[in-house]
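K.L.:
I'd like to ask you about the structure that follows.
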Amino acid sequence: MPGNSQPSRGLLRATGNETRRLLPNILRELNTTHLATFSMKKNLLDLAPLEPDNCPRFPNHAEIQVIHEETLTTALRLHPPPLNHPSNHYMPTNPSLYGNRQPNWLPLVANFTSPPDNQPGGGWRSGTLGHEEALCYRSSLPLSLHQHNRYPLEEKSAIYSPYILVIKDSLANNHIPFNISQPATLPVVSAITIAPLRHPALGPGYLPCAEGQAADDTLPFCNQAGEIVLHVPMRQTTVFGDAMERMITMQKMRLVLRMAATNRHPRIVLGAMGCGRDNGPVEDVALCWLEVLREEEFQGGWWTDVVFAVWDEAPINSRANYEIFQRVLQGKRV
């Protein structure tokens, strides 16, 4: 995590209290209270798979980036291109999905909530520090999560919050407020809130070796005649111990991507779903993301930017999760 020391719960509670105190006046001045308090809850069963004919077909496949910082900090690096941008990189070649509307260039961030808490924003009111709380200390996200029937989140449900006003800098910069005297200059993002599996069963397993890694074994691949044509080097590591839990995790990832595409977001900031205090198998989760992003449903040019913001909650300045995600995902094209 950015920074040199763990902030006290008291300091974080004070930060949250200040955010709650500042937001109402800022939103009133912007006349956006109704936007900040709006959200939609969707179930995977409510959303049909994306139709290829509706794909905007951005001409260049997105290249995954993995960054070691807070989610909102990463999102604020993704600036919308100007309307008169001369490059075709940002122009969909098939506008049928969007009709006469432009792509929604607001960065969309994934917010990973903790299912047992069943509290909008997790423990941000009590000074807890985690992925979800880090978003809440800096923005209006909690306002959109307090709507009726939003919590608890069912296994295959997620919440879409289209308008999240960001009013503070990162923890690394002491949560200093941005220029709130000029509210119109404050950045806005969108968010999808979803609950990772909590403490899934883990077990030993084998995953393909990355370049330069030593192999513990090899996995033979055969052709249709049953002849071995390839030996893939494999390495023993920790994976999902229950195949059903791995499948559920991938369903949650599909839900995030479908909701992003359905709401016209080509710029998405994802993360290490369930790999912090939820104790998910980091490398296997990263591979799940890659497998889902490369599924046929999500091919054809849905994204211009796919970024993973991987912030290791503890110990302070740990880069373990980041380094694994970086090895598995950095530079892959989707």
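Laboratory data are not the source of any read-out in this text; all were calculated from the coordinates shown. This one's a predicted model, so the numbers in the text were calculated from it and none came from an experiment. Ideal geometry is used to build each Cβ from the backbone, glycine not excepted, and the neighbour counts take in all protein chains shown.
K.L.:
Pull up the cross-link candidates among the lysines for LYS41, meaning alpha carbon to alpha carbon under 19 Å and not fewer than 8 places away within one chain.
P.N.:
LYS156, LYS252
K.L.:
Grab the eigenvalues of the alpha-carbon gyration tensor for segment 28-68, scale each by 5, take roots, and send me the semi-axes largest first in whole angstrom.
P.N.:
Calculated on Cα positions only, the semi-axes equal 30, 21, 14 Å.
K.L.:
Also, quick follow-up: Indicate the gyration tensor shape class of segment 141-207 (rounded, prolate or oblate), computed on the Cα atoms with a ≥ b ≥ c the square roots of the eigenvalues: a/c under 1.5 is rounded; otherwise a/b larger than b/c is prolate and the rest oblate.
P.N.:
Judged from the Cα gyration tensor, segment 141-207 comes out oblate (a/c at least 1.5, b/c at or above a/b).
K.L.:
Ok, one more. Sort TYR206, TYR163 so that the residue with the fewest other Cβ atoms within 10 Å of its own Cβ comes first and the one with the most comes last.
P.N.:
Ordered by Cβ neighbours within 10 Å, fewest first: TYR206, TYR163.
K.L.:
Test of understanding: ordering MET259, MET247 by Cβ neighbours within 10 Å, fewest first, what list do you get?
P.N.:
Ordered by Cβ neighbours within 10 Å, fewest first: MET247, MET259.
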